[in-house]
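The values are calculated or read from the model by the stated rules, or taken from the named source; none is laboratory data. Treat the numbers as computed from the prediction; the structure is a model and nothing was measured. Because the Cβ atoms are built from the backbone with ideal geometry, glycine has one as well, and the counts that use them run over all protein chains shown. Protein only, heavy atoms only, side chains kept; ligands, DNA and RNA dropped before computing areas. Shrake-Rupley method; radii C 1.70, N 1.55, O 1.52, S 1.80 Å.
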Amino acid sequence: MVDVSSKSATRREASASALVVLKPAVLKALPRNPKGDPLEVARLAGIMAAKKSSELIPMCHPLPLSHVDVSMRLCENGVEIRSKVTTTAVTGVEMEAMVAVGVAALTVYDMCKALDKGIAIRQILLERKSGGKSGDYKRSGKTP
């Protein structure tokens, strides 16, 4: 891990997004899922995952998270997932934001795989971050 002991604690925030591509039949079946509400289960999984990022990513520092929000939005080709993570610490929360959407996306897959094994998880992206020595970052409109 990088030594961050000489850095000052500042407010840091990061947002990330992911897309889970679902066929129309799977989208239509979401409310009747026998495992429960896939979107709510995925939202909670994303929040829990953000809090465990340092246990999953080897060089990720454990951080005291002040706030984690994970939201889901149905769109015509699937589920758009967004996260926003905040802390006051000596290092940023980009990994926590991306782990949150990644695990939420995997949870949507897990909840819906009985209907379609061809579900795709796409575009896990850092959307923006603020705070810290490197300053602010905001993704431009284009995706890689």
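Distance distribution P(r), segment 49-125, all Cα-Cα pairs, bin width 5 angstrom from 0: 3, 15, 25, 21, 15, 10, 6, 3, 0 percent. Axis angle, to the nearest 10 degrees, between helix 94-112 and the longest C-alpha principal axis of the chain: 10 degrees. Heavy-atom accessible area for residue 137, with the other protein chains in place and a 1.4 Å probe, reaches approximately 90 Å².
Per-residue surface analysis assigns residue 11 an accessible area of about 150 Å², computed on protein heavy atoms at 1.4 Å probe radius. When 134, 83 are compared by accessible surface with a 1.4 Å probe, the order from highest to lowest is 134, 83.
In the context of the full set of protein chains, residues of the chain present 57 Å² of accessible surface per residue (probe radius 1.4 Å, heavy atoms only). Converting phi to 3J(HN,Hα) with the Karplus coefficients 6.51, -1.76 and 1.60 and the offset θ = phi - 60°, segment 124-134 yields 7, 10, 7, 8, 6, 8, 9, x, x, 4, 7 Hz in sequence order, with x at every glycine or proline. Here the chain is treated as a sphere whose radius is the Kirkwood value from Cα pairs; by Stokes-Einstein at 4 °C and 1.567 mPa s it diffuses with a coefficient of 82 µm²/s. Between residue 28 and residue 2, residue separation times 0.36 nm minus the direct Cα-Cα distance comes to 4.7 nm. Across the accessible surface of segment 89-137, with the other protein chains kept in place and a 1.4 Å probe, carbon and sulfur atoms take up 56 percent.
For the residues 73, 139, a 1.4 Å probe over the protein chains yields an accessible-area ranking, largest first, of 73, 139.
For segment 39-144, the tally of Lys pairs with Cα-Cα distances below 18 Å comes to 7, considering only residues 8 or more apart or on different chains. Legend: calculated FRET efficiency, residue 71 to residue 116, from the Cβ-Cβ distance at R0 = 25 Å, rounded to 0.05, equals 0.60.
Annotation: Cα Rg of segment 1-76 relative to the compact-globule expectation 2.2 N^0.38 Å equals 1.48. Could you tally the net charge around residue 120, taking each other residue with its Cβ under 13 Å from the Cβ of residue 120, Lys/Arg +1 and Asp/Glu -1? Once all neighbours under 13 Å are counted, the net charge is +3.
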